[in-house]
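To start, the structure itself, in structure tokens.
Please treat every number below as a calculation from the coordinates, not as lab data. This one's a predicted model, so the numbers in the text were calculated from it and none came from an experiment. So basically every Cβ, Gly included, is an ideal-geometry build from the backbone, and we count neighbours across all protein chains shown.
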Amino acid sequence: MPAASLAAVRSFVAAPQQPQPEQTIERPRAFAFQGVGKFFGDKVVLDGIDLDVPVGQFVAVIGKSGCGKSTLLRLLAGLDRPTAGSLTFGSEEEGHSRTRFMFQEPRLLPWASVVKNVEVGLTGIASGADARQRALAILGEVGLADRADEWPSVLSGGQKQRVALARALVGHPQILALDEPLGALDALTRIEMQQLLERIWLAQKFTAVLVTHDVAEAVALADRVVVISAGKIALDLDVPVARPRRRGSVELARLEGKILDRLFG
Amino acid sequence: MSFSTRLATPLATRLGRNGIGWLLPVLVIAGWEIASRAGLMPPNVLPAPSAVAEAFWRLTLSGELIRNIGVSTARALAGFAVGGSIGFALGLANGLSTLSRGLTDTTLQMIRNIPHLALIPLVILWFGIDEEAKLFLVALGVFFPIYVNTLLGIQSVDPQLVEMGRVYGMDRRALFFRVILPGALPAIFVGLRYALGIMWLTLIVAETISASSGLGYMAMQAREFLLIDVVVLSILIYALLGKLADSLARLLERLSLGWHPAFQNA
Ligand SMILES: Nc1ncnc2c1ncn2[C@@H]1O[C@H](COP(=O)(O)OP(=O)(O)O)[C@@H](O)[C@H]1O
Ligand SMILES: [Mg+2]
């Protein structure tokens with residue numbers, strides 16, 4: 001990074017843009033971060049995060065490497081506890097248990113067949129023939145019905161991530177947290193996966209929180225893009241573009257530029 | 001999947017591949033027989049293969065061979081069961097619990113550095129030449145490879161998979177049986193095969209030193225009566241039993257690790 005832009009980033013970091021005021025929310029709340037902070041020792045990773053997300057919204061979270069995106073998702077999924085502030089869920093009795101997590105790596109069990117891996121997503125929800133039935137159905141949705149009884153090791157990277165997506169979705173989560181799930185895929189497979197993700201999200205209407213480092217991906221998929229910088233929300237931007245969205249359209253490019261400007265000053 | 005692929009490999013190819021491994025032993029035995037018949041190999045140094053075969057037949061008819069094989073196998077399996085299960089249990093405990101590991105691992109690693117056969121004089125003092133002595137030695141010999149590899153296997157389970165299991169709501173039991181144990185299995189099999197080798201080795205030594213039955217005893221008796229064909233026969237049978245145990249372990253490994261890329265299209 002050239003020195004000039006580094007300096008620009010510094011000045012931006014020093015004086016973060018105020019988050020845009022919350023818009024009136026008609027839909028019920030899926031979850032809300034209220035003044036959430038996360039410290040590891042005296043290292044401040046997240047600081048005073050306020051984020052109110054209505055049910056069914058697709059939120060993309062963007063930020064530079066190490067800015068705390070994964071930490072935010074881990075808090076959301078209950079893998080970690082916030083050091084400060086609180087996290088509330090719309091349906092309080094369900095909370096974390098109806099949040100599913102999709103990792104950057106597929107994390108499939110190599111010793112279980114594809115369909116058995118999907119059934120992991122039904123742990124505590126269904127078992128036996130019922131679980132298999134539901135797992136096969138969702139495998140059909142991600143286009144892998146014919147690979148159900150194969151070992152994960154014979155699948156390509158994109159196919160493994162589709163199995164991981166099926167596993168995350170088979171239990172019909174209310175919230176799906178995705179931590180750069182497409183980051184390791186090649187460009188074409190990634191676009192395919194984005195379309196698949198959007199299609200399933202439109203059909204199932206869960207609340208999606210997608211962490212990504214790909215700004216184009218964020219504006220193509222999300223209703224709302226949140227930029228995190230220096231542990232705070234530096235930009236909270238709606239993406240009021242009708243679906244289906246056309247990649248590379250002027251509207252998306254303009255939003256993308258705005259986010260990049262904010263990221264790099 | 002991989003299993004059917006393996007079965008689908010043409011039978012002739014598989015026979016050919018396995019068959020080639022037997023070519024050398026057959027040639028050696030043929031050469032040995034010829035050398036003995038030509039008088040190049042004095043029978044009091046190494047009897048001809050045909051003489052060993054005769055000894056085999058003689059001892060089979062008298063029932064002596066079967067009885068001794070039975071006695072030795074029972075000893076081997078008993079020692080293996082005791083040492084193996086303690087090693088496996090401790091390996092699991094120390095792999096899963098830092099408290100247990102902190103408590104016992106250092107001690108075990110220290111004991112591991114003592115060659116277990118060095119304990120023979122002590123064991124004879126403790127147990128005399130009774131069954132307990134052989135059981136103890138085999139169990140001790142088998143314990144460490146099983147313990148070390150079970151522990152290693154559990155410690156090498158991918159923590160990302162464990163985290164995935166937790167996120168998807170697996171309880172401790174499910175986590176163990178569906179994630180940790182299968183992940184540790186390849187290493188456990190390495191330990192198993194190694195332990196089987198040690199099992200026979202220990203038993204041979206123990207039976208040779210002190211026993212009143214078993215293959216080792218049969219060999220020592222034969223030595224006293226200068227029945228060199230029986231001595232050679234005992235050695236061959238040890239080799240075959242060792243090979244048999246290893247083949248069984250390999251079969252078990254192939255059946256349970258079918259998912260492992262190393263066992264696919266093999
Ligand atoms: N368990 C932990 N202990 C200490 N530091 C951590 C821990 N987890 C994350 N961090 C630190 O928090 C920061 C944010 O990490 P992360 O949320 O993974 O960033 P990213 O935005 O790249 O996903 C990093 O500097 C990382 O080193
Ligand atoms: Mg991350």
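How would you rank B:45, B:232, going from fewest to most other Cβ atoms within 10 Å of each one's own Cβ?
Details: B:45 8, B:232 20.
Ranked by crowding around the Cβ, least crowded first: B:45, B:232.
Work out the mean other chain Cβ neighbour count within 10 Å for the residues of A:108-115 and drop it here as an integer.
Details: counts 2, 9, 8, 12, 4, 2, 0, 0.
Averaged over the peptide's residues, the number is 5.
Where a Cα-Cα gap under 19 Å defines reach, which aspartates and glutamates qualify for residue B:134, not counting those fewer than 8 residues away within the same chain?
B:207
Using the Cα centre of the protein assembly as shown as origin and beta-carbon charges of +1 (Lys, Arg) and -1 (Asp, Glu), tell me which of A:62, B:249, A:216 is placed farthest towards the positive end of the dipole.
A:216
When the Cα centres of the stretch B:25-92 and the stretch B:196-254 are compared, how far apart do they sit, in Å?
The two parts, judged by their Cα centres, are 6 Å apart.
Starting from the amide H of residue A:233, placed 1.01 Å from N in the peptide plane, find each other amide H under 5 Å away whose residue is 5 or more places distant or on another chain.
Those lying under 5 Å, H to H, from residue A:233 are A:50.
Could you work out the mean count of beta carbons from other protein chains within 10 Å of each residue's beta carbon in B:168-180?
On the way: counts 12, 10, 3, 2, 0, 0, 3, 1, 0, 0, 6, 4, 0.
Per residue, the average neighbour count from other chains is 3.
Highest mean first, how do A:200-206, B:115-121 rank when packing is the count of other Cβ atoms within 10 Å averaged over residues? All intermediate terms of the calculation are to be shown ahead of the outcome.
On the way: A:200-206: 15.6, B:115-121: 14.0.
Ranking, from highest mean packing down: A:200-206, B:115-121.
Based on DSSP H assignment, which helices of chain B show an axial Cα extent of at least 18 Å together with a mean Kyte-Doolittle hydropathy greater than or equal to -1.0? Show your work: numbers first, answer last.
On the way: long enough: B:11-37 (37 Å, 0.71); B:49-62 (20 Å, 0.51); B:64-96 (47 Å, 0.99); B:98-112 (20 Å, -0.15); B:131-155 (36 Å, 1.21); B:181-209 (41 Å, 1.56); B:228-256 (42 Å, 1.32).
Qualifying helices, which must be both long enough and hydrophobic enough, are B:11-37, B:49-62, B:64-96, B:98-112, B:131-155, B:181-209, B:228-256.
Near residue A:43, which aspartates and glutamates are there with a Cα under 19 Å away, not counting those fewer than 8 places off in the same chain?
Output for residue A:43: A:80.
Using a 7 Å offset from the Cα along the Cα-to-Cβ direction at both residue B:239 and residue B:22, what is the distance between the two label points in nm, to one decimal?
So the two model labels end up 1.5 nm from each other.
Given the -39500 (n - 2.57) contribution per DSSP H run of 4+ residues, what per-residue ellipticity at 222 nm results for chain B, rounded to the nearest 500 deg cm²/dmol? Write out the running numbers ahead of the final one.
Numbers: 12 runs with 210 residues, N = 266.
Roughly -26500 deg cm²/dmol at 222 nm, from the helical runs in chain B.
Can you give me the Cα centroid spacing of the stretch A:114-165 and the stretch A:203-263 in angstrom?
29 Å
Which of B:22, B:259 has the fewest other C-beta atoms within 10 Å, and how do the rest follow up to the most? Mind dumping the intermediate values first?
Values: B:22 9, B:259 19.
Listing B:22, B:259 from fewest to most nearby Cβ atoms yields B:22, B:259.
From the alpha carbon gyration tensor of chain A, can you work out the equivalent ellipsoid semi-axes (sqrt of 5 times each eigenvalue) and give them in Å, largest to smallest?
Numbers: eigenvalues 200, 89, 63 Å².
Whole-Å semi-axes of the equivalent ellipsoid: 32, 21, 18.
At 1.002 mPa s and 20 °C, plugging the Kirkwood radius over alpha-carbon pairs of the stretch A:108-265 into Stokes-Einstein gives what diffusion coefficient in µm²/s?
On the way: Rh = 16.9 Å.
In µm²/s, the coefficient is 127.
Taking a threshold of 20 Å on the Cα-Cα distance, which of the pairs A:38/A:69; A:69/A:205; A:205/A:232 fall above it?
Numbers: A:38/A:69 11 Å; A:69/A:205 23 Å; A:205/A:232 28 Å.
Pairs exceeding the cut-off: A:69/A:205; A:205/A:232.
Expressed in whole Å with the largest first, what are the equivalent ellipsoid semi-axes of the stretch B:48-257 derived from the C-alpha gyration tensor as the square root of 5 times each eigenvalue? Walk me through the numbers before you get to the answer.
Numbers: eigenvalues 314, 82, 26 Å².
That gives 40, 20, 11 Å for the three semi-axes.
At 7 Å along Cα-to-Cβ for each site, give me the label-to-label distance between residue B:38 and residue B:160 in nm.
With each label placed 7 Å out from Cα toward Cβ, I get 6.3 nm.
Looking at chain B as a GNM with Cα springs under 10 Å, which of B:114, B:66, B:124 has the largest mean-square fluctuation?
Of B:114, B:66, B:124, the most mobile in the Gaussian network model is B:114.
What's the exposure ranking of B:162, A:209, B:26, going from fewest to most Cβ atoms within 10 Å?
Numbers: B:162 16, A:209 27, B:26 10.
Fewest-to-most Cβ neighbours within 10 Å comes out as B:26, B:162, A:209.
Most fluctuating residue of B:135, B:92, B:23 in a GNM of chain B with Cα springs under 10 Å: which is it?
Judging by the Gaussian network model, the answer is B:23.
Enumerate the aspartates and glutamates that residue A:116 could reach by cross-link, defined here as Cα to Cα under 20 Å, with residues fewer than 8 away along the same chain left out.
Within reach: A:105, A:130, A:141, A:146, A:149, A:150, B:158, B:163, B:171.
Report the label-to-label distance for residue A:91 and residue B:45 in nanometres (one decimal), using points 7 Å from each Cα along the Cα→Cβ vector.
8.6 nm
Could you calculate the FRET efficiency of residue B:124 with residue B:152 from 1/(1 + (r/R0)^6), where r is the beta carbon distance between them and R0 is 25 Å, rounded to 0.05? Display every interim value, and only then the final one.
Values: r = 33 Å, r/R0 = 1.32.
The calculated FRET efficiency here is 0.15.
Specify the residue with the greatest mean-square fluctuation among B:96, B:125, B:227, computed from a Gaussian network of chain B linking alpha-carbon atoms under 10 Å apart.
B:125
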